[in-house]
Amino acid sequence: MKKNLLLALLLISSINSLVAQTNALEYRRSSLHMVLVESETFPKKELVMKSWNNYKFPDKYNNHSVVSNTFNPAKYTVTDAEREAAGIKKPSEAGKLLKGMASEATGGIVGGNDPDMPVKIQKFIDETKLANQLVAKWYNRTKEGKMDTKYVAEKSKQSASEESKAATSGAADADEYFFDEELIGGTFVVFSKLTFVENEPVARVIRDALITQASSISVEMLRNKAIEKANQAYERGKEGYSIWTKVYLYQLVWNDEVAQSFKNTFFKTGDATFGASEWDKTDLFKLKLVGEENTSSLVTFSIKEKRTEEKIIDIGTVRNIDNVFAKLQKKYVVFRPVTPISSVGPITAMIGLKEGLEPGDKFEILKSTKDPKTGRISYVAFASAKVDKDFPIFDNLYIPTGEQKTDEAGNPVTGPGFTTFSGGDKKVMAGAHFLRLIK
C-alpha cells in the first residue's frame, strides 16, 4: 500500500512541480545579498573559486544583490581599543600555541579563524555604505537621488489575498511600503569565507602534539599505547582535503523609527529627489550581526571515482555552502525561509536534504494575513506538520549539470521530487499555504 501511495505522490508531484515553477515568485521571501570574503592562497583555489562563481543563488530567498560583493579583510586593521569595545576575548596561551602550530603547517589557513573578523566586516559595511545600498535597491534609487515604491510595492503585495491586493493597488506612497518591517527587515547579508586545506599537514600537527604530550607519561606501556593511537589517528586523517566554509550573517535594521525617518528625510510625494544631498552622509541605515556558523567536509580522490578532480571539488564546495546555509537556518529563526506547499493529502513540498531535513523535523504551517489597521502583511501559523519518517526525503543535493544520481554500484537512483509530511489539517491548501521549520 505504501508503494502505491508513493507512486500516486510521484504523479501528483509531476503536476504540482509545474505549478510551483510557474508561481515561484508569488510568495513573500526574505531577501539576500552574498559577499565573498577574500582568502589567502590555498590548494586548488582556482577550482574552489570557480564553484563559488557558478553557485546557484539560494532559491528560498529573493536575490537582493548590490555592488559591494567582495571583501578583503587584509585591508582593515583592528586596535586593542576596538577589540575591547567589541567584547573580543584574548586567546589563552595554550590556544595561541596550538593555533600557531596549525597555522605554520598549513600556510595560515588552519588556525586562521580570525576573532577580529566581525570588526573588520563592520568597517567594510561602514566604508561601502552597504546598508544604504540595500535600502536604495528597495526604493529604486538612481544616481540623481530619485526614488519610488514600485519594487517594494510589488514585493509587498506578493502572497496577499486578492482582496488585500485590490486594497493596496494604486497606493504608490502607502505607509505599508515604508513600515513593512517583516518584508524590508527580512533583508540579509551573508559574508562567506572559503578555504581548501590539505589534511596531511593538519593531521601531522595534531599527531606531533599528541606524541609530545604522550612523552611525559612515565609508564612505558601506557606511553607506547598513546603514541600508537596518535599514529593511527594520523593515518586515518591524512588523506585528501577538507573544504572549510565560515559565514557571518547580518540583517538590515528596519523598524518604525527607521522607516519614519527615512520617509521624512528622503522621500516626499511630488519631489522624487527630496533629501538626495543627505544620502551619502546619513548613518540612519545599519546592519546588525545575527551570528556566525561554519562547516567542513572531506574531499577524497578514489581510484574508483569516475568524476574529474574539478567535478569532485565542485561538488564538495557547493554542498559545503548549502550545508552552512542549512545550519544558519536551523540556528537562527529570523533566517528560516518559507516553502510553498505543493500538494495536500498528504502534504508535500519541494524541500529536502539540501536544506538539512531529517525524519521527524517539525514545521509550522503558515498563511498570509493582512492587518486591517496597519495594512501590513505577515505570516501566521495555524497548524503544524512533521517530515514523514515512512517516506524518503527529497534528495536535492547538488550534482554537476548533466549527471544523474547513482548508488555505490553506479546504478541510477530515482526518487520523489518532494518531501512528504504527516499532520496538518483539512484547511491546508496547496499554493496558498507555506511551511517553516520549528526548532
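The values are calculated or read from the model by the stated rules, or taken from the named source; none is laboratory data. All figures in this text were calculated on a predicted structure; none of them were measured in a lab. FYI the Cβ positions are ideal-geometry reconstructions off the backbone, even for glycines, and counts take in every protein chain you see.
Observations on the structure shown:
- Residue in segment 258-272 that is assigned by TED's automatic domain parsing to the domain that holds Leu36, basic (Lys, Arg), closer than 23 Å to Tyr177 by Cβ and touching a strand residue (DSSP E or B) at 6+ places or on another chain (Cβ under 6 Å) present: no
- Residue that is surrounded by the fewest Cβ atoms within 10 Å (Cβ to Cβ), among those in segment 198-221 that are of a type in the set (Gly, Ala, Ser) and part of a loop (DSSP other than H, G, I, E, B): Ser218
- So Leu287, is it assigned by TED's automatic domain parsing to the domain that holds Met147, hydrophobic (A, V, I, L, M, F, W, C), surrounded by 13 or more Cβ atoms within 10 Å (Cβ to Cβ) and under 20 Å from Val152 (Cβ atoms): yes
- Subset tally (residues that are at pLDDT below 95 and buried (at least 19 other Cβ atoms within 10 Å of the Cβ)) for segment 380-392: 1
- The set of residues in segment 68-123 that are under 23 Å from Glu38 (Cβ atoms), at pLDDT 50 or above and of a type in the set (Ser, Thr, Tyr) comprises Ser68, Thr70, Tyr76, Thr77, Thr79, Ser103.
- On inspection, Ser13 fails the criterion of being in a helix (DSSP H, G or I) and at pLDDT 90 or above.
- Lys367 satisfies every condition listed in (1) at pLDDT below 95; (2) among the basic types (Lys, Arg); (3) in a helix (DSSP H, G or I) except (3).
- Test: residue in segment 222-241 that is of a type in the set (Val, Ile, Thr) and exposed (fewer than 15 other Cβ atoms within 10 Å of the Cβ): no
- Just one residue in the set Leu252, Leu194, Leu210 is more than 30 Å from Leu47 (Cβ to Cβ) and touching a strand residue (DSSP E or B) at 6+ places or on another chain (Cβ under 7 Å); that residue is Leu252.
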